[in-house]
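A.B. asks: Please read through the structure below; I'll follow up with questions.
The values are calculated or read from the model by the stated rules, or taken from the named source; none is laboratory data. These numbers come from a predicted model, not from an experiment. Methodologically, a virtual Cβ is constructed for each residue, glycine included, from the backbone with ideal geometry; neighbour enumeration extends over all protein chains shown. The accessibility values were calculated without ligands, DNA or RNA, using every heavy atom of the protein model including side chains. Shrake-Rupley method; radii C 1.70, N 1.55, O 1.52, S 1.80 Å.
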Amino acid sequence: LGIAFLLGGVVASGSEMIIQGYLSAMASLSVLGLYKAGYQLSITYTGMIFTAVSNDFYPRLSAVNNKINERNILISRQIKVLLFITVPLVALFVLLVPYILPILFDNTFNPVSRMVQIASLSIIVKSVTMPLNFLPLSLGKSLDYLCLEGAFWILLVPLVILGFAYGGLDGTGIAILLCHVIELVYVILFCRIRYGYRFVTQ
């Protein structure tokens, strides 16, 4: 599992370097700075919610990893809890972004406002994928985890490049959201076929 985490981090760092290299070469360092600030504000900062929740969720999931019905119930409940937390927070955040940006940075970062608003919606999508991504980890399936994690970052690179080429910084926000939606689809299908996951309403 440690090797899988390490390799996943390498893929993530490599993808970020490719994106940053593209933006600095095709646009400018100022555009790159805007993109990094927008990504940090919309994904990194808000992602702290998942870091806090995972510290409690992962041990509980590992404890029932061999009981399909119990782990399906646990994952489904975790998804519902995360959605209850993230949906109102993201909605409020999207409304307040134009006012938050000048406070955290300055008025020169205003062009990234729409990118942040669009990309922030990814957090809602991630509320579903995050608990499912922990399933292979709880079962000790490091290769499955690496494939799921690596696929996201490998897909993100061309999507962000295309998004910027056709829509500028706003396009990169759309690309980030689209990448999370695609990840949601393949993670659900993978966990359903591979591990027998079914959403439980109870």
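A.B. asks: Do the conditions hold for PHE134, that is, is it more than 12 Å from the chain's Cα centre (by Cα), in a helix (DSSP H, G or I) and not small (Gly, Ala, Ser)?
C.D. replies: Criteria met by PHE134.
A.B. asks: Then there's this: Find the helices (runs of 4 or more DSSP H) located wholly in the stretch 28-129 whose residues include 3 or more that are at pLDDT 90 or above and open to solvent by less than 40 Å² (accessible area, probe 1.4 Å), and list them.
C.D. replies: 68-104, 113-120
A.B. asks: Name every residue in the stretch 17-27 that is in a helix (DSSP H, G or I) and either touching a residue at least 40 places away in the same chain (Cβ under 8 Å) or in contact with a Ser or Thr (Cβ under 8 Å, 6 or more places away or on another chain) (or both), in order of residue number.
C.D. replies: The answer is ILE18, ILE19, TYR22, LEU23, MET26.
A.B. asks: Just one of the numbered conditions (1) open to solvent by 70 Å² or more (accessible area, probe 1.4 Å); (2) within 15 Å of the chain's Cα centre (by Cα) is not true of LEU159; which one?
C.D. replies: (1)
A.B. asks: Conditions: (1) modelled with pLDDT of 95 or more; (2) closer than 14 Å to ASN133 by Cβ. LEU178 meets all but one. Number of the miss?
C.D. replies: Unmet for LEU178, out of (1) modelled with pLDDT of 95 or more; (2) closer than 14 Å to ASN133 by Cβ: (2).
A.B. asks: Output the qualifying pairs, or none if there are none: Cβ atoms under 6 angstrom, residues six or more apart or on different chains, first residue in the stretch 137-159 and within 14 Å of TYR195 (Cβ to Cβ) and of a type in the set (S, T, N, Q), second residue part of a helix (DSSP H, G or I) and open to solvent by 30 Å² or more (accessible area, probe 1.4 Å).
C.D. replies: Here the result reads SER138/SER62, each pair linking the stretch 137-159 to a residue that is part of a helix (DSSP H, G or I) and open to solvent by 30 Å² or more (accessible area, probe 1.4 Å).
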